[in-house]
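The values are calculated or read from the model by the stated rules, or taken from the named source; none is laboratory data. These figures come from a predicted structure and were not determined experimentally. Glycine also receives a Cβ, built like all others from the backbone with ideal geometry; neighbour counts cover every protein chain displayed. Just the protein is used for accessible areas: all its heavy atoms, side chains included, with ligands, DNA and RNA removed. Shrake-Rupley method; radii C 1.70, N 1.55, O 1.52, S 1.80 Å.
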Amino acid sequence: EYKNVKISSALKFYDKRLKQVPRQLDNFVEFCVILQRTIEVTPQIKAELDFVDRMMMLFDKFDISGPTTNQTTMFNSFESAKKQAQLLREQSLEEFIGKLKGAVQETERRIDHFYEKATTVPGSMKDADIDSKLPSAKKLCVKVEQMAPDIAKIVKYQEVIGVELNNFSAFKDVLAAAKFAVRLYTAVSQWQNISKQMTSTPFQRIQIDDFKKELETLKEVVSDLQTTAKTNYPILNELVTKVNEIYPFLDELELLSKGKMQVRHWNTLFEECQQQNAYSTNTTIEELLSFGILKMRDKIESITATSHGESELEVKFQQISNHWNKVQIPLVDQQVKTDDTVLLGSTDKLIEQIFDTLATL
């Protein structure tokens, strides 16, 4: 009885689906899938029906009551529907292959269009409006990624129908190009922020650790972009050049930033680099680079070593000065003070402090 119920359910389901005439491409593909499934499952259905028939014969032989439903008529209807479905598939195949070709061509057109947009980049950073280019590139990347399900569906349609029109290997290229454009414009944007600091912000106000981290990160990105670029991008070459102009001098910038430099030290450095009277508190990284200061590593190391040492001495001297600002002269208690004279108390401790301080100095 259980087998009868399941077989009846299956035959009704397949019989109904096979008699539905597909009108659209996706319906035809689903129709083909159902048809193929019925072809594959028919031997098992036959085996189950045979089992039921033999069991019913056995029941009759021993006068045991069993299921009375005969599935032969239903199975014959199923077989007839299957043959009609196979005929319908053959008759409709060319029509739906034509529709599939149309879908393939439209997808190819979109891929070509997106690839052209992704690979069309400005020739230089001066011509690149990053404020508009970067958002546009991100939107394009989203549009390309959204094509993936449709492409997978069309590839599956080709497999089901049994034709090879396009496996859309170019989709990987356009997706890579779209992601590359986003990374490229992001890198240019990051460089513009760094460049603004270099040209507009006085060096004394630069947070050198943040600046160094930003530039090192950008250097890694730019190097990877160079490696993965599928074609020659002049804007990328320009970006690489710009980054490489300042990147080798990060250590020198860090020495100068953390060197406790006073104006006198800066003036000494500029004078030794043949740039007399060129330093000001508003001097930028760009000016340090253009003056050739950053190339003088030996002089930078020497002067920053001096400035560090002098800074430590100044701190220690200030500690001594602060101490002596609080020292009071010892006086005799309970004395009559006048405008002309006071009586000193014991000066031994005071003298001891004086000699200690002299020794320290």
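Rank Ser65, Thr360, Ser189 by how far each Cα sits towards the positive end of the charge dipole of the chain (+1 on Lys, Arg Cβ; -1 on Asp, Glu Cβ) and give me just the farthest.
Ser65
In the P(r) worked out for region 247-361, what percent of Cα pairs fall beyond 18 Å?
Above the 18 Å cut-off, region 247-361 has 64 percent of its Cα pairs.
Separation of region 300-337 and region 1-77 by C-alpha centroid, Å?
That distance is 104 Å.
Under 8 Å for C-alpha pairs, at least 6 residues apart: give me the relative contact order for region 159-240, rounded to a whole percent.
Answer for region 159-240 is 35 percent.
At 7 Å along the Cα-to-beta-carbon direction for both Asp251 and Ser280, put a label point, then send me their distance in nm to one decimal.
3.3 nm
Kindly sort Met198, Met57 by accessible area of their heavy atoms, largest first, with the probe set to 1.4 Å.
Solvent-accessible surface, decreasing: Met57, Met198.
Mind ranking Arg264, Arg183, Arg17 by accessible surface for me, highest first, 1.4 Å probe? Numbers along the way, then the final one.
Details: Arg264 115, Arg183 90, Arg17 55 Å².
The ordering from most to least exposed comes out as Arg264, Arg183, Arg17.
Can you send over the solvent-accessible area of Val332, 1.4 Å probe, protein chains only, in Å² to the nearest 10?
60 Å²
Within region 176-195, what residues put their amide N at less than 18 Å from the label point 7 Å along the Cα-to-Cβ vector of Thr119?
Output list for this probe position: 176-185.
In units of 2.2 N^0.38 Å, what is the alpha-carbon radius of gyration of the chain?
Here the answer is 2.12, to two decimals.
Express the accessible area of region 142-287 per residue in Å², computed with a 1.4 Å probe while the remaining protein chains stay in the model.
Heavy-atom accessible area per residue stands at 54 Å².
Quick one: putting +1 on the C-beta of Lys and Arg, -1 on the C-beta of Asp and Glu, what dipole do you get for the chain around its Cα centre, in Debye to the nearest 20?
Magnitude of the dipole: close to 2100 debye.
Probe radius 1.4 Å, ligands and nucleic acids left out: which of Glu252, Glu214 has the largest accessible area, and how do the rest follow?
Glu214, Glu252
Could you work out how far apart the two model spin labels at His308 and Asp127 are, taking each label as a point 7 Å from the Cα in the direction of the beta carbon, and quote it in nm?
Roughly 4.8 nm, to one decimal.
Over the chain, calculate the relative contact order: mean separation of alpha carbon pairs under 8 Å at least 6 apart, over the residue count, as a percent.
13 percent.
Heavy atoms of the protein only, probe of 1.4 Å, neighbouring chains included. What is the accessible area of Met125 in Å², nearest 10?
Looks like 20 Å² after rounding.
Here are some pairs, Lys230/Lys299; Lys83/Lys153; Lys153/Lys219; which of them have Cα atoms lying more than 32 Å apart in this structure?
Lys230/Lys299; Lys153/Lys219
Lys/Arg Cβ at +1, Asp/Glu Cβ at -1, dipole of region 1-141 taken about the Cα centre: which of Ala85, Asn27, Tyr2 is farthest positive-ward?
Projecting each Cα onto the dipole axis, the largest value belongs to Asn27.
Residue separation times 0.36 nm, minus the C-alpha to C-alpha distance between Asn325 and Thr201: what's the value?
40.7 nm
Got a number for carbon plus sulfur as a percent of region 16-88's accessible area, 1.4 Å probe?
On the way: 2580 of 4850 Å².
Carbon and sulfur atoms account for 53 percent of the accessible area of region 16-88.
Treat every Asp and Glu Cβ in region 261-360 as -1 and every Lys and Arg Cβ as +1, leave all other atoms uncharged, and give the resulting dipole magnitude about the Cα centre to the nearest 20 debye.
With only Lys, Arg, Asp and Glu charged at Cβ, the dipole is about 140 debye.
Name the shape class, rounded, prolate or oblate, that the alpha-carbon gyration tensor gives for region 1-156, where a ≥ b ≥ c are the square roots of its eigenvalues, rounded holds for a/c under 1.5, and otherwise prolate holds if a/b is larger than b/c and oblate otherwise.
Working: a/c = 6.13, a/b = 3.28, b/c = 1.87.
Prolate, since a/c reaches 1.5 and a/b exceeds b/c.
Asp26 accessible area, nearest 10 Å², 1.4 Å probe?
80 Å²
Please enumerate, by chain and number, the lysines with C-alpha under 17 Å from the C-alpha of Lys82, excluding those fewer than 8 residues away in the same chain.
Lys12, Lys16, Lys19, Lys46
Note down the nm distance, to one decimal, between modelled labels 7 Å out along Cα→Cβ at Gln20 and at Gln86.
My value for the distance between the label points is 2.2 nm.
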